[in-house]
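Encoded as structure tokens, the structure appears first; notes follow it.
Bear in mind these aren't lab numbers, they're just calculated from the coordinates by the rules spelled out. Since the model is a prediction, treat every value here as computed from it, not as a measurement. Cβ sites come from the backbone with ideal geometry, for glycine too, and all protein chains shown count toward neighbours.
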Amino acid sequence: MTVASSGRQAAGAAEQARVPPRQIAAAVVGNALEFYDFTTYALFATALGRTFFPSHTPFESLMMSLLTFAVGFVSRPVGALVIGRIGDRLGRKPAMLLSFSLMGLGMLGLVLIPPYALIGPAAPALLVVCRLVQGFALGGEVGPTTAFLIEAARPERRGLVGSWQSASQAVASLAGASIGLLLAHLLTQAQLDAFGWRIAFGVGALVLPFGLWLRRTLPETLHRREPAAGPGGAGWKVHVRPMLLGLMLIMSFTTSTYVLLYMTTFAAQTLRMSQGASFAASVANGISGVVFTLLGGALSDRLGRRPVMITARTLFLLCTLPAFLLMLHFRNAGTVMLCTGVMSAFSSMSVGPALVAMSESMRKDMRSMGLAVIYALGVTVFGGVAQPLVTWMIKVMTSPMAPAWYMMAAALVGILAMYLMPETRPAPAVIEVAPIELA
């Protein structure tokens, strides 16, 4: 074989292994829709409370709305076990199609539920059912899709490609915040309560047919050969340590993610800012999340997963306290946007590499379910209660600094897990050049 033919074969193999943007979009569209839903729910939590949970005080309505948001997390572990197992047995593609379809049903149901004023207690009951269906679907979403991204990407590009999973969350948060900001400017508060929030959720539902079409065109990666296949051994025993460390990481990340999504409610309820100005916090969160998640993933391909995620999470820990002090002192949209953007930047830079590292630390035949279970448990225990817990902490402690202390404590747990994790970035491939054939 000549050097030229060997080079052509290597180039062809690399080209074949490249993940087209369409496939990346198909994999992350479900996670994006999830966070669009989360962002929209957080933005309109007060309106949803008035629509489905009328009470004597605004605080009671808001708390019931946020607790209903948390109820959806109860069914996540079940979805992780069922859909995650499908991903490891039947393939990533059927699992991804199932989770996205159920997710769409839950979102459409939410849009169509009549208010409490029309159907009474049936309204909040139907809302809970929709959140449970969505929770089941979302519990099985992250495992198969992250496994697909890691398995479809070239080993030296896994960090960047895998980080699109987290970056899609920021894109969706940005879209949700932008639509919420637009509606706040176009509609009155009464109109937002009556039908504005339905428009916001309806926009997300429009993505459903497009997402299903994209996912139907995906290749299957379950049986594709993988250069770096995670730990050896059989059974779940080899996954105990990676799963425990992964749970600590998800606890840290989901806490910061959901509290940063809560900043819109924090700005409106605690800082007493206008609704339009408070939406700006979510816009800053989304922009920083997209840019710095991908930056963190790209850097982890060059420098390794551990140094990038440890450095970024430490900077997040250090900036959280001064950021909240500045917001409380100035109480204006510019300061809230700046501080939220900085916190989001450092948090996001660590999330992408960590999710990739968790995936790489697991064997391929258990990766879909393993990731799904870790993510579902972490998000259920810590993410679902984050917003109502922070709201309760602010009231009981009579301190607007409660969100800062909560995120800082979670960041310390995440940093400890990162130090205990091994480096999972695949070693640079050794390129063997065939000798030149002599005549």
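The C-alpha atoms of the chain define a longest principal axis, and helix 402-420 lies at about 10 degrees to it.
Roughly speaking, what % of Cα-Cα pairs in segment 335-432 are separated by over 19 Å, rounded to a whole number? Roughly 59 percent, once rounded to a whole number. Residues in segment 310-315 carry Karplus couplings, in order, of 5, 4, 5, 5, 5, 5 Hz; the curve used is 6.51 cos²θ - 1.76 cosθ + 1.60 with θ = phi - 60°, and Gly or Pro positions show x. Per residue, the convex hull around the alpha carbon atoms of segment 151-209 comes to 85 Å³. Taking θ as phi - 60° and the Karplus parameters 6.51, -1.76 and 1.60, the scalar couplings of segment 135-143 work out to x, 4, 5, 5, x, x, 7, 5, x Hz in sequence order, x denoting glycine and proline. When only the Cβ of Lys, Arg, Asp and Glu is charged (+1, +1, -1, -1), the dipole of the chain relative to its Cα centre reaches about 320 debye.
Free of any trypsin sites (Lys or Arg not before Pro) that DSSP assigns to a loop and that have at most 10 other C-beta atoms within 10 Å, the longest stretch within the chain is 1-224. Our coupling estimate for segment 253-266, obtained by passing each phi through the Karplus curve with A = 6.51, B = -1.76, C = 1.60 and θ = phi - 60°, is 6, 5, 5, 5, 4, 6, 6, 5, 5, 6, 4, 5, 5, 4 Hz, Gly and Pro reported as x. Measuring how big the chain is from its alpha-carbon positions, Rg and Dmax come out at 22.1, 93 Å. Each 10 Å bin from 0 upward holds the following percent of the Cα-Cα pairs of segment 85-188: 13, 29, 33, 18, 7, 1.
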